Amino acid sequence: PSTPAIISDDLLVYGSTKGDIVWLNPSNGVVSARYQIGEAISATPSAVSAIRHPSGRMRELILAASNDGTVVAIDKGVRTQAWRLKLTAPVTTTVPSETNNTLFGEETIPRTSVFIAGQDQYLRAVDAHTGKPRWRVLTSAPLIPSPFTYGAVLYQQIPGEGLACFSTFPEDFSGKQEWLAASVRGNVLTTTKNDRLVTWDSTAKVLQILDPYNGSVTTTISLPNAKEVLADSVDNGSIFILTKNDELIRLAPR
């Protein structure tokens, strides 16, 4: 294994150093399936439920990206390829997804997009059913952190520039940037109950709370002894801090 695992239908799904996506039964340690996508995999796979029809029919996918720039959507039921993209640079970030409603004539059709941050400096939105591009933005640096999607907006840390906010479903193929917070060097962990953003900067060891409308910093908390900071939910989640002394601290939302 070269990535953390996700759970899919009571199986563990993870990436390997050989470029396989692996399905493992945790009760007996037996590998039930493998799917070769490319070179070694560094990004944790993601499970995507893509709505196909207004009645609620779903397409269940496993999204995986490899270090050679290959991104593959695997049908979770039959474990065959739904679509594949080959980019010119590695993709080492997890691929998140969001769904919106699009009006076709008099009918509203839900459509799901997945969002790919690549080391080719592009941030892309791709249709989850077909793999066709919906929009893309060329940034000034290779993208290493994963995008953080939250409904109508997406947050992406751009190395050397700061935290950028994009519309998840713009009308323009060239994308739409809402704002850029140059002073924020961390990644979004979660939100507060009033939808403020909570970010963690692992280099400076600071936790910051931002105004979601313009990215301005409202609160900064220094955590010099933190080794790792995680959240258990993207929406008003608890924050877990692992310290250098191997203490575990939980900050509960209120």
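The values are calculated or read from the model by the stated rules, or taken from the named source; none is laboratory data. Note that this is a predicted model, so its numbers are computed, not measured. Positions of Cβ are generated from backbone atoms using ideal geometry, with glycine treated the same way; all protein chains shown enter the neighbour counts. To get the accessible areas, we keep the full protein, side chains included, count just its heavy atoms, and leave off ligands, DNA and RNA. Shrake-Rupley method; radii C 1.70, N 1.55, O 1.52, S 1.80 Å.
Worth pointing out:
- Using a probe of 1.4 Å, the accessible surface attributed to E39 totals some 110 Å² when neighbouring protein chains are kept in position.
- Here the Karplus curve 6.51 cos²θ - 1.76 cosθ + 1.60, taken at θ = phi - 60°, turns the phi angles of segment 91-98 into couplings of 10, 10, 10, 5, 9, x, 9, 8 Hz, with x standing for Gly and Pro.
- For the chain, the tally of Lys pairs with Cα-Cα distances below 14 Å comes to 4, considering only residues 8 or more apart or on different chains.
- Checking every one of the chymotrypsin sites (Phe, Trp or Tyr not before Pro) in segment 179-254 against DSSP loop status and a limit of 14 other Cβ atoms within 10 Å picks out Y213.
- Accessible area of segment 52-168 divided out per residue, in Å², using a probe of 1.4 angstrom: 40 Å²
- Extreme residue, positive dipole direction of segment 104-254, given options S238, A117, G151 (C-beta unit charges): S238
- Coil-residue trypsin sites (Lys or Arg not before Pro) of segment 17-104, DSSP, other Cβ within 10 Å capped at 13: K18, R57
- Put a plus charge on the Cβ of each Lys and Arg, a minus charge on the Cβ of each Asp and Glu, and nothing anywhere else: the dipole of segment 1-104 about its Cα centre is then about 240 debye.
- Positive minus negative residues near A141 (Lys, Arg vs Asp, Glu; Cβ under 15 Å): -1
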